[in-house]
Amino acid sequence: MLALLPDSAALDGPRLTLAGIDAAALAEEHGTPLVVLCEETIRASAQALRTAVGDGRVFYGTKALPNVAVLRLLREEGVGADVASAGELAFAAAAGLGGRELVVHGNNKDAVFLAQAAETGAPVVLDAPDEAGLAAAAGVGQVLVRVRAASVNALDWHTMRGQPSFIRLVGEGLRRPFHRPWRSTPGRTHGSRSRSTPASGDRTASTLDPGRCYHRQRASARSR
């Protein structure tokens, strides 16, 4: 049972302790429900992720728990922050994060948010075609581009090959295959290469153009 609890959890007779502090005493002092975060567990998890990715970088999804103390602790362990709103960016800034310690995400970024990101020097992930121009106008100096892979789940594979299946009949009906798997195998990417580059004009990203993603082909086929 203790394996489900933080690393510092222990039993002192019938009583549960967290980092040596009696859990019942914490509940009595602060009331319930009570969320207790274990620094030892957070640091151990951060270190394990850093080790697993090697030369890669780890970013904490701030939306999971926007907490300055947690962000500051993770920064000490070399973990950055992924922010998707002005509020999350403010939490990260309060924790001392800035520049390449941040990644700015979000599919509804406005000019104000992009300007704030540019001021911190954080790279911005372009989530929509029109964001390249907005990012350039806001002064963003570095962008990343999301790359989507074609689906490989069983329903999509049956649909692409036009292969009969009960699930396909129920979910899609009898249709010709929208996609020829021997011409473009599922898993091929669609979009632009993830690359840091100044957000200016057509130099924002280099297009791969390996073929349209299956999902987009399905939407196009349905519209015909």
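The number of residues in region 77-87 being closer than 22 Å to Leu49 by Cα and either touching a strand residue (DSSP E or B) at 6+ places or on another chain (Cβ under 9 Å) or hydroxyl-bearing (Ser, Thr, Tyr) (or both) comes to 6. In region 113-158, of all residues being at pLDDT 75 or above and of a type in the set (Val, Ile, Thr), the one that is surrounded by the fewest Cβ atoms within 10 Å (Cβ to Cβ) corresponds to Thr120. The set of residues from region 91-120 being within 21 Å of Ile42 (Cβ to Cβ) and either part of a helix (DSSP H, G or I) or out of contact with any helix residue (DSSP H, G or I) (no Cβ under 8 Å at 6 or more places or on another chain) (or both) comprises Phe91, Ala92, Ala93, Ala94, Glu101, Val103. Filtered by the rule that a residue be of a type in the set (Gly, Ala, Ser) and out of contact with any helix residue (DSSP H, G or I) (no Cβ under 7 Å at 6 or more places or on another chain), region 55-84 gives Gly56, Gly61, Ala64, Ala69. Number of residues in region 57-70 that are out of contact with any strand residue (DSSP E or B) (no Cβ under 6 Å at 6 or more places or on another chain) and either in contact (Cβ under 8 Å) with a residue 60 or more places away in the chain or assigned to a helix (DSSP H, G or I) (or both) equals 5.
Taken as a whole, the structure places Leu11 among residues that are more than 17 Å from the chain's Cα centre (by Cα), surrounded by fewer than 16 Cβ atoms within 10 Å (Cβ to Cβ) and assigned to a strand (DSSP E or B). In region 35-56 there is no residue matching the filter, namely being of a type in the set (D, E, K, R), part of a helix (DSSP H, G or I), over 18 Å from the mean Cα position of the chain (by Cα) and farther than 14 Å from Pro6 by Cβ. What about Gly96, is it closer than 30 Å to Val36 by Cα, surrounded by fewer than 19 Cβ atoms within 10 Å (Cβ to Cβ) and among the small types (Gly, Ala, Ser)? So Gly96 fits the description; yes.
The values are calculated or read from the model by the stated rules, or taken from the named source; none is laboratory data. Just so it is clear, the structure is predicted and the values come from calculations on it, not from any experiment. Neighbour counts are summed over all protein chains in view; Cβ atoms, including those assigned to glycine, are modelled from backbone coordinates with ideal geometry.
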